[in-house]
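Have a look at the structure below before the remarks.
The values are calculated or read from the model by the stated rules, or taken from the named source; none is laboratory data. Being a predicted model, the structure only gives us computed values, none of them experimental. FYI the Cβ positions are ideal-geometry reconstructions off the backbone, even for glycines, and counts take in every protein chain you see. Heavy atoms of the whole protein, side chains included, go into the accessibility calculation; ligands, DNA and RNA do not. Shrake-Rupley method; radii C 1.70, N 1.55, O 1.52, S 1.80 Å.
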Amino acid sequence: MLNLQIPHATTISALRTRVRGWREERLSVGFVPTMGALHQGHLALVQLAKAQCDRVVASIFVNPAQFAPGEDFEAYPRTVIEDSAHLAEARCDLIYLPGTEVIYPEGFATSISMTGPALGLESDARPHFFNGVATVVAKLLGQVRPDIAVFGEKDYQQLLVIRQLARDLDLGVEILAGETVRERDGLALSSRNAYLTAPERQRAGQLNVILKQFAAALAAGQTVAQARQIALEACQAGFDAVDYVDVRCTRSLAPLPEGRLETPARVLAAVRLGKTRLIDNCAASPS
Ligand code: PAF
């Protein structure tokens, strides 16, 4: 029996009983899916949901389907007691803590296959990732049935994938985006930052600096090809490996012409620092 600071549900029926009670009172419901190890970035998503809705559910489920063999599924931090204290502070109304048997019961045989914004970037390094995310998010949305669900811009490609999923499958939920919360040096908050050693942490903030410079160069009229090359070299100099650094269409993540930027765009990067993979992004506008 978990001793948490706010109500929690571990089964679909307990979750639905709670949500049905709110519905009977004509209360709106917001939802923030997470994998736990919560930080201020997650809590900002809860606060955004709370500003839009009468009641907020946050789920914590470390989804095995979005980790490939050899990735950090086992090592992923699990801190449910601390998480519940943070969620209480953020005035979350219910924590949904499904076990693997609730999300993937025996005989489960469905996987959602995403293309569109899921192609390239993260998928090049993690081909399993967005199908795993789309499948679990569709399940969670079907279980909670919220009016809105909130996802962080930190995982910008994931946000677009989920918007596409909700639209394509007529899920009847509005997907809202929460701004990235950053450390003082610009490092985007992430549960995986806990893997950084002290010297790596000193270097990690550089990723946001490089992306801001990339966006500024595009706004100043440098071509996509030149600005990307400079950002790539800066990432190569600052990190142990670079998965990608690129600028893409802000709405579809489609590649852009190599000349001067002419439409709103997003610069995005993924780099490796020791055993930590850092991802980040920011908006870029034409001059
Ligand atoms: O962003 C995350 O924490 C996860 O990908 C999500 C959306 C909770 C799905 O497991």
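Condition (residue is out of contact with any Lys or Arg (no Cβ under 6 Å at 6 or more places or on another chain) and more than 28 Å from Leu165 (Cα to Cα)) applied to region 243-255: is it met by at least one residue? No, every residue in region 243-255 fails to be out of contact with any Lys or Arg (no Cβ under 6 Å at 6 or more places or on another chain) and more than 28 Å from Leu165 (Cα to Cα).
Cβ separations smaller than 6 Å between residues 6+ apart or across chains give the following pairs from region 99-118 residues that are crowded, with 17+ Cβ neighbours inside 10 Å to residues that are among the charged types (D, E, K, R): Ile103/Lys139. Residue pairs whose Cβ atoms lie under 7 Å apart, separated by 6 or more positions or on different chains, with the first residue in region 121-146 and more than 12 Å from the ligand (Cβ to nearest atom) and of a type in the set (Ser, Thr, Tyr) and the second at pLDDT 95 or above and open to solvent by 10 Å² or more (accessible area, probe 1.4 Å), are Ser123/Phe129. Report yes if Leu211 is open to solvent by less than 40 Å² (accessible area, probe 1.4 Å), touching a residue at least 40 places away in the same chain (Cβ under 8 Å) and farther than 21 Å from Ile162 by Cα, otherwise no. When the stated conditions are applied, Leu211 passes them.
Residue-wise test of (1) open to solvent by less than 60 Å² (accessible area, probe 1.4 Å); (2) of a type in the set (Gly, Ala, Ser); (3) part of a loop (DSSP other than H, G, I, E, B).
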residue	(1), (2), (3)
Ala149	yes, yes, no
Gln157	yes, no, no
Arg163	no, no, no
Ala166	yes, yes, no
Leu176	yes, no, no
Thr180	yes, no, yes
Arg184	no, no, yes
Arg192	yes, no, no
Gln202	no, no, no
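Here's the yes/no breakdown for (1) of a type in the set (D, E, K, R); (2) surrounded by 18 or more Cβ atoms within 10 Å (Cβ to Cβ); (3) in contact with a His (Cβ under 6 Å, 6 or more places away or on another chain):
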{"position": "Leu4", "(1), (2), (3)": "no, no, no"}
{"position": "Thr10", "(1), (2), (3)": "no, no, no"}
{"position": "Arg16", "(1), (2), (3)": "yes, no, no"}
{"position": "Val19", "(1), (2), (3)": "no, yes, no"}
{"position": "Gly30", "(1), (2), (3)": "no, yes, no"}
{"position": "Pro33", "(1), (2), (3)": "no, yes, no"}
{"position": "Gly36", "(1), (2), (3)": "no, yes, no"}
{"position": "Ala65", "(1), (2), (3)": "no, yes, no"}
